[in-house]
Amino acid sequence: MALDSKVPKGPIADKWTNYKNHIDLVNPANKRNIDVIVVGTGLAGGSAAATLAELGYNVKAFAYQDSPRRAHSIAAQGGINAAKNYQGDGDSTYRLFYDTVKGGDYRAREANVYRLAEVSANIIDQCVAQGVPFARDYGGLLDNRSFGGVLVSRTFYAKGQTGQQLLLGAYSAMNRQIGRGKIQMYNRHEMMDVVLVDGKARGIITRNLVTGEIERHSAHAVVIATGGYGNVFFLSTNAMGSNVSASWKIHKKGAYFANPCYTQIHPTCIPVSGDHQSKLTLMSESLRNDGRIWVPAKLEDAQAIREGKKKPTDLSEEERDYYLERRYPAFGNLVPRDVASRAAKERCDAGFGVNATGEAVYLDFADAIKRYGREQALIHGDHNPSAEKVDKLGKEVVKAKYGNLFQMYDKIVDEDPYNTPMMIYPAVHYTMGGTWVDYNLMTTIPGCYCIGEANFSDHGANRLGASALMQGLADGYFVLPYTIGDYLSKDIRTGKISTDLPEFEEAEKSVKEQINFFVNNNGSKSVDHFHKRLGKIMWDKVGMARNAKGLTEAMTEIKALREEFWKDVKVPGSADTYNEELAKAGRVADFLELGELFAKDALVREESCGGHFREESAETEGPQEGEAKRDDVNFAFVSAWEYKGEPADAVLHKEQLEFNDIELKTRSYK
Amino acid sequence: MNLKLKIWRQNGANDAGKMVDYSISNVSPDMSFLEMLDVLNEQIINEGGEPVAFDHDCREGICGMCSLFINGEAHGPDRGITTCQLHMRKFKDGDTIYIEPFRAKAFPVIKDLVVDRGAFDRIQHQGGFISVNTSGNTQDANSLPISKHAADEAMDAATCIGCGACVATCKNSSAMLFVGAKVSQYALLPQGQVEAADRVRNMVAQMDAEGFGNCTNTGACEVECPKGISLDNIARMNRELFKTMI
Ligand SMILES: Cc1cc2nc3c(=O)[nH]c(=O)nc-3n(C[C@H](O)[C@H](O)[C@H](O)COP(=O)(O)OP(=O)(O)OC[C@H]3O[C@@H](n4cnc5c(N)ncnc54)[C@H](O)[C@@H]3O)c2cc1C
Ligand code: SF4
Ligand code: FES
């Protein structure tokens, strides 16, 4: 099958409007006869479910948590971008579009990104109307801050809990529709498979996680909004239940999987402290607005700090290496995430790490506290404040801005970040890859859509901060509701889809077989045992920097681990009750396949770009020495993998990327 | 550290349930409480038993999924945090720790330490929203200035994570802190005014229908709330409700 992105013709600025003017609509009376399944109720799924119900479709929504309000989107801390130009600092749709394409290292689809930038301003209006309490300034207007990779202040935020507030907004819109009976919400339900009838997505098989019941649900279209797959690394900033299963199940039935190797490693996470660790905690990137990142300039100081003989506060300004400010003077501490992450790894690999394991750098607020303190003293009319007063006032400002993050750090590390610099290290965070979708957000399975982090479309090889929330809500509130209507307009005479069709029967049977296998396998090792081993292979060989040798080894090792898993996994308990181990087993089984495809994709891509750094492809000279080297001649494409059984046998399809409105340039943040 | 654990095991809503003793060794003070339970579960699985069921997801104090009554306190001995943010350094070598589910009539036990907090959702279905179309045809966000103070206060109320600690810790199993927080968020914002009367009436009616008790101003909820939601929100909810009666 040739990949058709279905990008509309015409100038980029008019594409979306023209498209909307020419698609087929479904009349309100007919919408009542059409069912849509939405799997996942995070920002993407929640906003989509609410909007589709609002439009009049019958929506069935599914989530594995006990309430839509707990979807992983809740954890997003920093903020959401929108080209509002409230600050008058030169922002525009074009600039947001440009920053996002450049930030993604020119591996995103132009038309999608432009549309995202175009609808971004609408998102803020929508959320404010829903009662999302964004930060305000003293004049009562919305406040902004800036994020990595950009030079304007376009990020809207609600303290360090922006994701929470946006999700509660979408959740409230869902509540309204649930109350009216337009959305049927299935909490604690996991999608186990998709059902195709005549090649079209017509339903799903689910497992009720409380009773173990296997259920059939039919609809005219299926929307997958199940988030990212960072948990393939075991340790990540994702929620414990985040998984790839729904995406993987549709992949196995014909949806192409795009760019699996593009993983964002976030630079500001709390470092690993030991083997017991179950997850890594992100410290919002907004901290980089005020925090300065450094390591000791001298190896012996780094060593003394690691051994506890020196404290960071013992080192003078000259004894510190503010390596981001040194290497990237234009962007300094605000370089994009991939750049900041690699720079931290580079310093730690060179022996300058500051925690016991040598895998941490400092994020220091001392200067910010002084700067804010002096400013506050002036505002209070004190032109000659004492050092203590400056310190106190400054800490108050920092507390108002980042208080909950500082508290979170203190709880985990048991150190007060107001008085000693935080330690941070990169961790797996966000996956830019995902199900391949066209401009309509439809996968290669007709009638099966994919939105939010689960698809691949808008971020290219790297994602700038505050743009995932934007994409999730743009997809759910403003894009999918139009594009799916065009598809459903052909279905107004179809009538209810029966769940007695043989396709449902068959899908249910294979789901039950897998479950029975797990509970009867009587192996000797727990599910987590395999997940941790997979995570280690992924981090060591498919992590922040990759090379052909490591990737080839990883593919073999993952395959062997998968075989061992199917022989030796032990799943206690039964199939017909609440059984967390059983649910995990299914998820890890899918990760064990995805992991191998992930390595294969990374192996094929013999260039460095964004979240994919191939050691063989680095600049060897000139001002960019040591930086990632992209290869636009050979690799300006999206890799879309077709399932053929074993992940190693997957077939590569290329969607050639066209850049008509942005010139491909070396990405420099110097 | 070596610890003794006394954990509530219950097979389902209709099972009687009982406390079961476990012991665990080599607990590091840097572990979170849930990581300690992970280690215990690994141990139980390896010994051929069934692991202890407990709810959790984000493990960073924001999703509201984790629960647990630890030594008689919701979310354990520390203040202002959820169970996933509780670290083992709060305990001593040789301690005995009691672990129970959040108990309340409106929160039936699903299994072991997992309870059903669906009642919170059902209250929200009755008015936990502003009736605005999601079409995006809304007015410009800055056309309605909101004072920083009001926005901050609404934000404080909106930080509730719906964990249910307030209910579990209240001797009347009252959900008023939770409902008060939601009512307050909208009561403080101009957008929420038009349907304020219906909202509070309907939400309070559903809260009663779910079997939550009444508030007797004990204040335990505020003490145990991981997000510092204050009793003022209950007062505001009551005021909003009285307003609908006059
Ligand atoms: C700690 C953290 C901080 C972040 N901060 C920011 C930020 O400041 N700004 C920003 O823009 N982005 C941020 N991000 C990224 C952003 O939060 C996510 O990319 C985004 O929220 C994903 O939304 P989603 O709707 O696609 O998926 P999710 O919110 O992950 O929702 C997934 C949904 O799918 C359901 N689900 C999953 N699998 C199944 C299944 N098999 N069956 C049934 N249901 C299933 C879940 O129950 C859930 O409802 C952050 C991410 C993290 C981890
Ligand atoms: S009010 Fe506090 S204790 Fe109650 S549900 Fe909300 S966050 Fe939890
Ligand atoms: S697991 Fe999310 S709040 Fe504890």
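The values are calculated or read from the model by the stated rules, or taken from the named source; none is laboratory data. Note that the structure is predicted; figures quoted are calculated from it, not measured. Here the Cβ is made from the backbone with ideal geometry for all residues, glycine too, and neighbour counts use every protein chain on show. These accessible areas exclude ligands, DNA and RNA; they are computed on the full protein's heavy atoms, side chains included. Shrake-Rupley method; radii C 1.70, N 1.55, O 1.52, S 1.80 Å.
Couple of notes before you dig in:
- Carbon plus sulfur fraction of accessible area for chain B, probe 1.4 Å, in percent: 49 percent
- For region A:138-295, alpha-carbon Rg over 2.2 N^0.38 Å: 1.33
- Between B:Met19 and B:Ala197, the simple spin-label model (points 7 angstrom out along Cα→Cβ) gives 5.2 nm.
- Helix-only [θ]222 nm of chain A, DSSP H runs n ≥ 4, -39500 (n - 2.57) each, per residue, nearest 500: -12000 deg cm²/dmol
- For A:Lys401, the aspartates and glutamates whose Cα falls under 13 Å of its own Cα, not counting residues fewer than eight places away in the same chain, are A:Asp137, A:Asp143, A:Glu285, A:Asp290, B:Asp152.
- Cα gyration tensor, region B:145-246 - rounded (a/c under 1.5), prolate or oblate: oblate
- Reducing region A:92-136 and region A:204-251 to their Cα centroids gives an inter-centroid distance of 27 Å.
- Taking 28 Å as the limit for the C-alpha separation, the pairs A:Lys532/A:Lys654; A:Lys200/A:Lys525; A:Lys541/A:Lys629; A:Lys6/A:Lys253; A:Lys159/B:Lys182; A:Lys84/B:Lys148 exceed it in the case of A:Lys532/A:Lys654; A:Lys200/A:Lys525.
- Model label points for A:Phe517 and B:Ala235, set 7 angstrom from Cα along the Cα-to-Cβ axis, are 6.2 nm apart.
- Trypsin sites (Lys or Arg not before Pro) within region A:366-408, DSSP loop, no more than 16 other Cβ atoms inside 10 Å: none
- Residues of region A:210-256 that bury at least 50 Å² of accessible area once all protein chains are present, compared with their chain alone (1.4 Å probe, heavy atoms only, ligands and nucleic acids left out), are A:Met240.
- For a paramagnetic label modelled on A:Gln87 (point 7 Å from Cα along Cα→Cβ), amide N atoms under 18 Å away belong, within region A:378-420, to A:398, A:401-402.
- Per residue accessible area of the protein assembly as shown, 1.4 Å probe, in Å²: 35 Å²
- Nearest-20 debye value, chain A charge dipole, Cβ charges on Lys, Arg, Asp, Glu: 1240 debye
- Projected label distance in nm at A:Glu215 and A:Thr620, using a 7 Å step from Cα toward the beta-carbon: 6.1 nm
- Accessible surface for A:Leu603 stands near 50 Å², nearest 10, in the context of the full protein assembly shown (1.4 Å probe).
- Sparsely packed loop sites in region A:148-221 (the GluC sites (Glu not before Pro) outside DSSP H, G, I, E and B with at most 12 other Cβ atoms within 10 Å) comprise A:Glu213.
- With every protein chain in place, chain A: carbon and sulfur % of accessible area (1.4 Å): 49 percent
- Per residue, the average separation of C-alpha pairs within less than 8 Å and at least 6 apart gives chain B a relative contact order of 20 percent.
- Among A:Met408, A:Ala63, A:Gly358 - extreme Cα towards positive end, dipole of chain A, charges at beta-carbon: A:Ala63
- Here the gap between B:Asp116 and B:Gln43, fully extended at 0.36 nm per residue and compared with their Cα-Cα distance, gives a gain of 23.6 nm.
- Relative contact order (%) - criterion: Cα under 8 Å, at least six apart; region: chain A: 20 percent
- When the GluC sites (Glu not before Pro) in region B:1-93 are filtered for DSSP coil states and for at most 16 other beta-carbon atoms within 10 Å of their beta-carbon, the remaining sites are B:Glu47.
- Modelled FRET efficiency - R0 41 Å, A:Ala356 with A:Ala648, Cβ distances, 0.05 increments: 0.60
- A 1.4 Å probe over all protein chains sorts A:His380, A:His529, B:His56 by accessible area into A:His380, A:His529, B:His56, starting with the largest.
- Protein-only accessible surface at a 1.4 angstrom probe places the residues A:Asp24, B:Asp55 in the order A:Asp24, B:Asp55, largest first.
- Pairwise FRET efficiency - A:His380 versus A:Phe659, Cβ, R0 = 51 Å, nearest 0.05: 0.50
- Gyration tensor (alpha-carbon) shape descriptor, region A:280-428, a/c threshold 1.5: prolate
- Note on the protein assembly as shown: percent of Cα-Cα distances in each 20 Å bin, starting at 0 and stopping at the bin with the largest distance, equals 14, 50, 33, 3, 0.
- Taking a point 7 Å from the Cα of B:Asn26 along the Cα-to-Cβ direction, the residues of region B:44-84 with backbone N closer than 16 Å to it are B:44-47.
- Net lengthening on full extension, A:Lys392/A:Asn208 (0.36 nm per residue, minus Cα-Cα): 60.9 nm
- When B and A come together, around 6100 square angstrom of accessible surface is lost from both chains combined, probe 1.4 Å.
- DSSP bridge analysis restricted to chain A gives an antiparallel fraction near 70%, rounded to the nearest 5.
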